[in-house]
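The values are calculated or read from the model by the stated rules, or taken from the named source; none is laboratory data. Keep in mind it's a predicted model, so treat the numbers as computed, not measured. Positions of Cβ are backbone-derived with ideal geometry, glycine not excepted, and every protein chain shown enters the neighbour counts.
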Amino acid sequence: MLKKLSIAAVAAVGVSGAANAEYLYGFGGMYVDHQSWDHGLNEVNNPKGRNQYVIGIEGGAGFTWGELYGFYDYENIGNAPDQRAAAAKATAHVYLGDTGASIYAQVYDFGSDMQSEQNRVLGLGYTKLGGDNWFFKPWIGIHQITANDGFADEATAKVNGNNGYMAGWTGRYAWNMFGQNFSVVNWNEIEFDRSEEITANQGGKNGWNGGAMLSWHITDNLYTGVTYRYFRNKLGHEGYGDLFIYRIGYNF
């Protein structure tokens, strides 16, 4: 049901955009990451074996009716084709008038030879917390998942349906220091009341997942940054885990 509602919401956005949208802003870029699992502060399973290079693209846009953001990652690019993976995410806030509240929708999709997973969230958000150099946008919604985990027990490997609830936020702060431009971005997702299968696979009824990225904007186009990536009962790891991600990127 939620998947159908998500598709309907996206279709409604498209119709609204075609009818009366005014374009306000947009951005896009590409990047190369190195996910350094062995640089984390807490030990995770096989940290060196999980190190990988990732190439990706991202972009977003704002309109009078709402705002969109998405990215696509191609992972493990230095390994054999059967060891590579891809991930994509799309989010939307559809404004509820001038209230600051929004209809929030999110789809995240991951696929590899051993695993596939799609997470869908539909709920409410708020977009009017911010100023000239910062913003904070929280949201909460119903969570559904379709997953096939080749590393899980047969009884819990395939999941399709409700997975409780998800809440989260995205925030950004930018500043100038010594004539240089810097920014920090934090995103966070918290899963509540997971299904029995996901609870068994991820190590807990609840879990969270996020990252804090510090970037140095060397020029208007070129930047570099480091992300502290953290998670609990997520990414196949029971308890708290973390890693560092090093990035160089180019904004169009």
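Take the residues of segment 75-98 that are part of a strand (DSSP E or B) and touching a helix residue (DSSP H, G or I) at 6+ places or on another chain (Cβ under 7 Å): which is farthest from Ala21 (Cα to Cα)?
Within segment 75-98, the subset part of a strand (DSSP E or B) is 75, 85-95.
Pick out the ones that are also touching a helix residue (DSSP H, G or I) at 6+ places or on another chain (Cβ under 7 Å) and you get 92, 94.
Numbers: Ala92: 15, Val94: 12 Å.
Top of the filtered list is Ala92.
Say whether the condition of being without any contact (Cβ under 8 Å) to a residue 12 or more places away in the chain and at negative phi is met by at least one residue in segment 81-90. Walk me through it before giving the result.
Within segment 81-90, the subset without any contact (Cβ under 8 Å) to a residue 12 or more places away in the chain is 81.
Okay, now just the ones that are also at negative phi, so 81.
Scanning segment 81-90, I find at least one residue that is without any contact (Cβ under 8 Å) to a residue 12 or more places away in the chain and at negative phi, so the answer is yes.
Across segment 38-68, which residue is surrounded by the fewest Cβ atoms within 10 Å (Cβ to Cβ) among those that are under 27 Å from Asp242 (Cα atoms) and polar (S, T, N, Q)?
Of everything passing the filter in segment 38-68, Asn46 is surrounded by the fewest Cβ atoms within 10 Å (Cβ to Cβ).
Are there any strands (runs of 3 or more DSSP E) wholly within segment 99-164 with 3 or more residues that are of a type outside the set (Phe, Trp, Tyr) and within 25 Å of Asp73 (Cα to Cα), and if so which? Break it down stepwise before answering.
Working: elements: 101-112, 115-126, 129-131, 134-149.
Result: 101-112, 115-126, 134-149.
Can you report the number of residues in segment 205-235 which are part of a loop (DSSP other than H, G, I, E, B) and at positive phi? I'd like the intermediate steps shown before the answer.
Initially, segment 205-235 is screened for residues part of a loop (DSSP other than H, G, I, E, B), giving 205-206, 218-221, 235.
Keeping just the survivors that are at positive phi gives 235.
Number satisfying all stated conditions: 1.
Applying the selection to segment 188-231, what residues are charged (D, E, K, R), crowded, with 17+ Cβ neighbours inside 10 Å and either touching a His at 6+ places or on another chain (Cβ under 8 Å) or modelled with pLDDT under 95 (or both)?
Selection gives Glu191, Glu197.
Within segment 134-170, take every residue that is surrounded by fewer than 20 Cβ atoms within 10 Å (Cβ to Cβ) and of a type in the set (Phe, Trp, Tyr) and give me the one that is farthest from Gly111 (Cα to Cα).
The extreme case among them is Trp134.
Tell me which residues, restricted to segment 175-197, are assigned to a strand (DSSP E or B) and either within 20 Å of the chain's Cα centre (by Cα) or of a type in the set (Val, Ile, Thr) (or both). Before you say what the answer is, go through the steps one by one.
Residues of segment 175-197 that are assigned to a strand (DSSP E or B), as a first pass: 175-177, 180-192.
Passing the criteria: Ser183, Val184, Val185, Asn186, Trp187, Asn188, Glu189, Ile190, Glu191, Phe192.
Of the residues Tyr126, Tyr72, which is free of Cβ contacts under 8 Å to residues at least 24 places away in the same chain, out of contact with any helix residue (DSSP H, G or I) (no Cβ under 9 Å at 6 or more places or on another chain) and within 24 Å of Met166 (Cα to Cα)?
Values: Tyr126 fails: free of Cβ contacts under 8 Å to residues at least 24 places away in the same chain.
None of the others qualify; the one that does is Tyr72.
Among the candidates Asn46, Asn79, which residue alone is of a type in the set (S, T, N, Q) and out of contact with any strand residue (DSSP E or B) (no Cβ under 9 Å at 6 or more places or on another chain)? Before you say what the answer is, go through the steps one by one.
Values: Asn79 fails: out of contact with any strand residue (DSSP E or B) (no Cβ under 9 Å at 6 or more places or on another chain).
Of Asn46, Asn79, the one residue that is of a type in the set (S, T, N, Q) and out of contact with any strand residue (DSSP E or B) (no Cβ under 9 Å at 6 or more places or on another chain) is Asn46.
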